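Student: Please see the structure below; I have some questions.
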Amino acid sequence: MALTRRDFVSSIAMGTVGAGLADAAVTGGVEARQPMRAAKLPIIISAGNGIPYIGAGYQHLLEGGDTLDAALRVVQGPEDDPNDDSVGLGGLPNEEGVVELDACCMHGPTRRAGAVGGVRNIKNVARLAREVMQHTGHVMLVGEGAERFAVARGFVRENLLTDASRKVWLLWKETHADWWGAGLADPAWKEREQQRLHTDRRLQYYQQLQQVAEDLGIEPELRQAAIHHVLFPPTGTIHCSALNAKGEMSGVTTTSGLAWKLPGRCGDSPIIGAGCYTDQDVGSAGATGSGEENIKVAGAHTIIENMRHGMSPLEAGMDALKRIVRNYNGDMNRIKYLDMTYYILRKDGAYAGVSMWTGYEPDQPHAIAVHDGRPRREKTVSLYEGVSQEWPPMVAPSSALL
Ligand code: ASP
């Protein structure tokens, strides 16, 4: 197996360059996929990071609550968590250090939708998407207009950039932007230049990042993860779909999107039909992963249409993944940089989680969280074995580090 950049960082940190070891933290508790069985209602599914909160959503369904309310209870957990750097408060910011959030939702029983994109200073954008749905004649608001609408609806403006996320952003800025970091006149610049000439470049680069991370005050135990985020800008999102005992369904997806993105960039998460789609007659589906790819196949909508025409949740999801592959004519030199996971719930309670890649086995495979009376995470079914290589490929360090 080729050494991935993720492997590269961890293996350098462990002094085993070339060993190809993954840096997965042990999270445990991921079960094999359940064989298809009679569905139990209510049922609620989410991305794997929803597992701490899925019980609250399930309980709401048991008590006869609305399906969108239930799904919002699940995704609000990561939105409120400052330590989850993929969503809401503490999300990794754009290239200017500003957190911009995206979300959309669909309410099956009333066949309505709401979405917000590029929202600053408002933490709970999934709920804001529902406000757009409930309190405007529109479906989508973006940017400043969405923020002003949020304030008008009683949302509180707050700084979403936590100190931890700010430092990781600074680490990226210091090492990847030409006019940040040590300038030509700085003695450190000279030292770095000499190092470049006399040591292995990759190891030296990693050591430089370690040094800058230390200078920025990033805690030793957080440095490796911070460097990984800098080298390979992460994505991260949560989707949740819920089905109650009456057969009503809803779905919601919320994210801070791709780290270090261009200001104004929206991925698939706020796009109805890509990041989330619910059709009360068929089912509900959502996505996490390479947003640009998912937009091009309208992933969530494609899956619902596939199920409408008779495919199982698993077949419907695999077909959507294959459409992404088709867009690259099966060229694995490019597909290896993509990742995609779909979370799929059919109207009868059958569900599936499917991924482009398995993820890190055995501890961090791609997973779907499920609660139908028993909360659990199950491994997704993947199109390819292994892990995606993260994009972009090893970036050139800025001139300040060379
Ligand atoms: N799909 C999201 C986006 O592209 C990111 C993610 O799911 O991790 O913004």
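Read-outs: derived from the displayed coordinates by stated rules, not from any lab. Here the structure is a predicted model, which is why all the values come from computation and not from measurement. Counting neighbours? That spans all protein chains shown, and the Cβs are built from the backbone with ideal geometry, glycine included.
Student: If you keep only loop residues by DSSP, which GluC sites (Glu not before Pro) in region 43-136 have at most 14 other Cβ atoms within 10 Å of their Cβ?
Tutor: Passing both the DSSP loop test and the Cβ count: Glu63, Glu96.
Student: Let me ask you something else. Show me the three semi-axes of the equivalent ellipsoid for region 267-402, from the C-alpha gyration tensor (sqrt of 5 times each eigenvalue), largest first, rounded to whole Å.
Tutor: Equivalent ellipsoid semi-axes, largest first: 28, 17, 14 Å.
Student: Could you tell me what % of all Cα pairs in region 255-313 have separations over 15 Å? Mind dumping the intermediate values first?
Tutor: Numbers: 801 of 1711 pairs.
Beyond 15 Å sits 47 percent of the P(r) for region 255-313.
Student: To make sure I understand the rule: partners must be lysines, Cα under 16 Å from the Cα of Lys173, and not fewer than 8 residues away in the same chain. Which ones qualify?
Tutor: Reachable lysines: Lys261.
Student: Report D for region 47-101 in µm² per second (integer): Stokes-Einstein, Kirkwood Rh on Cα pairs, 37 °C, 0.692 mPa s.
Tutor: D = 274 µm²/s.
Student: Around Val30, under 15 Å between beta carbons, what's the net of Lys plus Arg minus Asp minus Glu among the other residues?
Tutor: That sum, taken over residues with Cβ under 15 Å, equals +1.
Student: Here's another thing I want to ask about it. Report, as a whole number in µm² per second, the diffusion coefficient that Stokes-Einstein gives for region 48-188 at 37 °C and 0.692 mPa s using the Kirkwood radius over alpha carbon pairs.
Tutor: Value of D from the Cα-based Kirkwood radius: 199 µm²/s.
Student: Averaged over every viewing direction, what's the projected area of the C-alpha convex hull for region 206-324? Give it in nm², one decimal, please.
Tutor: It is 9.9 nm².
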